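Asks: First, the structure itself, so that you have it in front of you.
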Amino acid sequence: MRQKKDKSDVFFQVPRESFKTRVGNIELPILYYDVNLFLAFYFVEPERATAVLRNTDLEPLRFYNGKSLVALALFEYKDTTVGIYNEVGLAIGVKEKEKKVSFPTLQLFKLLFKLNPQNIPIGFYILHLPVTTKEANVAGREIWGYPKFITEIPLKFDLENSHFAGSVKDPDNKKSIFELEGRLKKGIPIPAFDLITYTYYENQLIRTIIDVSGNFNFSFTSTFRLRNVESNHPMAETIKALGIENQDSYAAMYSTNWQSRLNKGNFVLESKVYRHPIKVIKSKSKAKIKR
């Protein structure tokens, strides 16, 4: 794998602007200098993905096998401009309803080769995004509308033994939202691809481009399953609704030199149908799934 870029690298030398939040001013883009990242992909029935996306302005992509794609990303942020924390993202590959998209796999390859992401008509709709710090939670929710909540996220990258383990705890009762563990099979090196996320801030659909640098070790593997989905937290309910509990992963990848710039999002449209598709539950902590 290529070496991580130094903080003085041109990749990080970009104009920045200040955004006021409840926890202080945040400089955008947020810069991520040193990150370990694990990604697992699952194919799901499009009917399940469509049901989870109800009351949004988005539709799930359908791939060569007629199924939709769900991504689970587990981040260990070791050096960033908003502190040190862990994060997990659960997302669905989507397109805006009014747009026609042919060959979604080709569109993903365009992201891989960084072919002008502004013109790529797909992205990933973020369903849940738990984090481990208040600062990351507030910044994500108040700037992009990311559906974050604060909880415990134990992660273990044991690369010497080709092993990875991660989990997310229910913030109310410490039950397992899910656990994931397996062997990191030797795969092929690929460049880290840029990301496009869709979120809602109130009823505005926001599209955000995340510029990325680094490499992945990519492999087709079935060793990673979401187990011990014990809680009734909305994230656990989403996992069950998608049908990925105890399902084999289609592919997995990891990186130890992932770096990125989380840019300010762009307004797409004013939604007349949006309502968070997952029910809201009361929480004794401040980690509530609501805007």
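Any read-out appearing in this document is the output of simple, stated calculations on the displayed coordinates, not a laboratory observation. Quick caveat: nothing in here was measured; it's all calculated off a predicted structure. Note: ideal-geometry Cβ built from the backbone for every residue, glycine included; neighbour counts use all protein chains shown.
Asks: Count charges around LYS110 for me, please; just the other residues with Cβ under 15 Å from its Cβ, Lys/Arg as +1, Asp/Glu as -1. Present the calculation step by step, with values, prior to reporting the outcome.
Replies: Values: positive: LYS95, LYS99, LYS114; negative: ASP194, ASP211.
Cβ neighbours under 15 Å give a net charge of +1.
Asks: Another question, if that's okay. Around THR221, what is the net charge, scoring Lys/Arg as +1 and Asp/Glu as -1 over all other residues with Cβ under 12 Å from its Cβ? The partial results should precede the final answer.
Replies: On the way: positive: ARG183, LYS185, LYS186, ARG225; negative: ASP248.
Residues near THR221 contribute +3 overall.
Asks: Rounding to the nearest 20 debye, state how big the charge dipole of the stretch 212-278 is about its Cα centre with +1 on each Lys and Arg Cβ and -1 on each Asp and Glu Cβ.
Replies: Working: 7 positive and 5 negative charges, 49 e Å.
Dipole magnitude for the stretch 212-278 comes out near 240 debye.
Asks: Between PHE267 and LYS5, what is the label-point separation in nm under the 7 Å Cα-to-beta-carbon projection?
Replies: Between LYS5 and PHE267, the label points sit 3.0 nm apart.
Asks: Calculate the length of the line joining the C-alpha centroid of the stretch 1-39 to that of the stretch 63-91, in whole Å.
Replies: Between the Cα centres of the stretch 1-39 and the stretch 63-91 lies a distance of 16 Å.
Asks: Let me ask another. Within 10 Å, count the other beta carbons around each residue, average over each peptide in 121-133, 238-250, and list them highest first.
Replies: Working: 121-133: 22.2, 238-250: 18.0.
Per-residue mean Cβ counts within 10 Å order the peptides as 121-133, 238-250.
Asks: Between GLU230 and GLU152, 0.36 nm times their residue separation minus their Cα-Cα distance comes to what? Mind dumping the intermediate values first?
Replies: Working: separation 78, 0.36 × 78 = 28.08 nm, distance 1.50 nm.
Value of the extension gain: 26.6 nm.
Asks: Another question about this same structure. Where nothing but the Cβ of Lys and Arg (+1) and of Asp and Glu (-1) is charged, how large is the charge dipole of the chain around its Cα centre, in debye to the nearest 20?
Replies: On the way: 43 positive and 31 negative charges, 104 e Å.
Result for the chain is approximately 500 debye, rounded to the nearest 20.
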